[in-house]
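Peer 1: The following block contains the structure, expressed as structure tokens.
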Amino acid sequence: MFLPDWLTAAVLGLVEGATEFLPVSSTGHLIIAADYLGYTGDGAKVFEIFIQLGAILAVMWFYRHKLFAVARGLPTERSAQKFTLNLFVAFLPAAVIGLLTHSYIKALLFNPKFVAIALIVGGFIILLVERFAPAPRIHHVDDMSPWDALKVGFAQCFALIPGTSRSGSTIMGGMMFGLSRTTATEFSFFLAIPTMLAATLFDLIKHWHLLHPEDLHMMAIGFVGAFISGLAFVSMLLHYISKHTFKGFAYYRIIFGALVLWYFWS
């Protein structure tokens, strides 16, 4: 499908921001959308890496008051120190395992068919978690212990598999480990900040030689699109889960994954 460059950038930016924090896999949707729009190759890879910064900025802006309060209180306040420690502990597993497996995963698993299968499997896992998750014992992110954070951090490692969804892995893992649905979602948002920043900067440095001045306008448009849609969908998801389960996202993943398999195999 042919679109003008600026419109392709805007569409992909909106897709990134809309799916980054939903349990539906932003990486999977970007791979599929970029393939459908015919935007592939080395330039596309760098573009997709760069626009993630827009989604990161969106969640940072949404929680700016909490983040500023933690930063101000870090030298003296126990709650701020505990919150920071929890994020660091939860960040470590994916950081270590990601460094060890990054090249292998990129080379072998980043293709639409594998992503579609991961979307379908992840949908059934969400249904199982919604059915068998224990009653929540933690109802606020400030009540989490480092051990709780570490367990969620290991759950995040499943997101290294394309199509699994970073937010889906952390939210479902959190619910299985006793976090309420809202607490698991909010901690997933906070954990996205160091995780996505580290992964994005690592990839940008690795692919720095592929950045070209003529691509800056597309990156700027995609960045803004990812920020706007990310900000909107973070708010929408928190409002949605206050009254609903994640089953709707599970059915979406299964149906969408099946359609993608049919599209690429037919």
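The values are calculated or read from the model by the stated rules, or taken from the named source; none is laboratory data. All values derive from a computational prediction rather than experimental measurement. Positions of Cβ are generated from backbone atoms using ideal geometry, with glycine treated the same way; all protein chains shown enter the neighbour counts. Just so you know, the surface numbers come from the protein's heavy atoms only, side chains and all, with ligands and any DNA or RNA stripped out. Shrake-Rupley method; radii C 1.70, N 1.55, O 1.52, S 1.80 Å.
Peer 1: What number of residues within region 12-67 are under 14 Å from the mean Cα position of the chain (by Cα) and charged (D, E, K, R)?
Peer 2: 3
Peer 1: Within the set of pairs 6 or more residues apart or between chains, which connect a residue that is at pLDDT 90 or above inside region 49-62 to a residue that is open to solvent by 40 Å² or more (accessible area, probe 1.4 Å) and of a type in the set (S, T, N, Q) with Cβ atoms less than 9 Å apart?
Peer 2: Within 9 Å, the pairs are 62/235.
Peer 1: Which count do you get for residues in region 96-119 that are modelled with pLDDT of 90 or more and surrounded by 19 or more Cβ atoms within 10 Å (Cβ to Cβ)?
Peer 2: 2
Peer 1: May I pose another question? Mind listing whichever residues of region 68-96 are touching a residue at least 12 places away in the same chain (Cβ under 8 Å) and under 19 Å from the mean Cα position of the chain (by Cα)? Break it down stepwise before answering.
Peer 2: First, the residues of region 68-96 that are touching a residue at least 12 places away in the same chain (Cβ under 8 Å): 70, 79, 82-95.
Within region 68-96, 86, 87, 88, 89, 90, 91, 92, 93, 94, 95 meet the criteria.
Peer 1: Which count do you get for residues in region 132-146 that are farther than 8 Å from residue 180 by Cβ and among the β-branched types (Val, Ile, Thr)? Before the answer, list the steps.
Peer 2: Restricting attention to region 132-146, the residues satisfying the condition of being farther than 8 Å from residue 180 by Cβ are 132-135, 137, 140-146.
The next check asks that each one be among the β-branched types (Val, Ile, Thr); those that pass are 141.
Qualifying residue count for the region: 1.
Peer 1: Please work out which residue is most open to solvent (accessible area, probe 1.4 Å), limiting yourself to region 140-168 and to residues that are in a loop (DSSP other than H, G, I, E, B) and modelled with pLDDT of 90 or more.
Peer 2: Residues of region 140-168 in a loop (DSSP other than H, G, I, E, B): 140, 144-145, 161-165.
Add one more test, that the residue is modelled with pLDDT of 90 or more, and what stays is 140, 144-145.
Values: 140: 84, 144: 0, 145: 39 Å².
Applying the filter and picking the extreme gives 140.
Peer 1: Report, ordered by the first and then the second residue, all pairs with beta carbons closer than 7 Å, sequence separation of six or more or different chains, a first member in region 134-152 that is farther than 13 Å from residue 185 by Cβ and in contact (Cβ under 8 Å) with a residue 40 or more places away in the chain, and a second member that is part of a helix (DSSP H, G or I) and among the aliphatic types (A, V, I, L, M).
Peer 2: Matching pairs, first to second residue: 146/85; 146/89; 149/89; 149/90; 150/89; 150/90.
Peer 1: Just to confirm my filter: which helices (runs of 4 or more DSSP H) fall fully inside region 1-106 and include at least 3 residues that are in contact with a helix residue (DSSP H, G or I) (Cβ under 6 Å, 6 or more places away or on another chain)?
Peer 2: Details: elements: 5-20, 26-37, 42-62, 64-73.
Counting at least 3 such residues, we get 5-20, 26-37, 42-62.
Peer 1: Still on this structure: Taking interchain pairs and intrachain pairs at least six residues apart, which have beta carbon atoms under 7 angstrom, with the first residue in region 167-182 and under 15 Å from residue 139 (Cβ atoms) and the second open to solvent by 10 Å² or more (accessible area, probe 1.4 Å) and of a type in the set (S, T, N, Q)?
Peer 2: Qualifying pairs under 7 Å: 182/242.
Peer 1: For residues in region 205-256 being open to solvent by 30 Å² or more (accessible area, probe 1.4 Å), charged (D, E, K, R) and touching a residue at least 40 places away in the same chain (Cβ under 8 Å), which is farthest from residue 184 (Cα to Cα)?
Peer 2: That would be 215.
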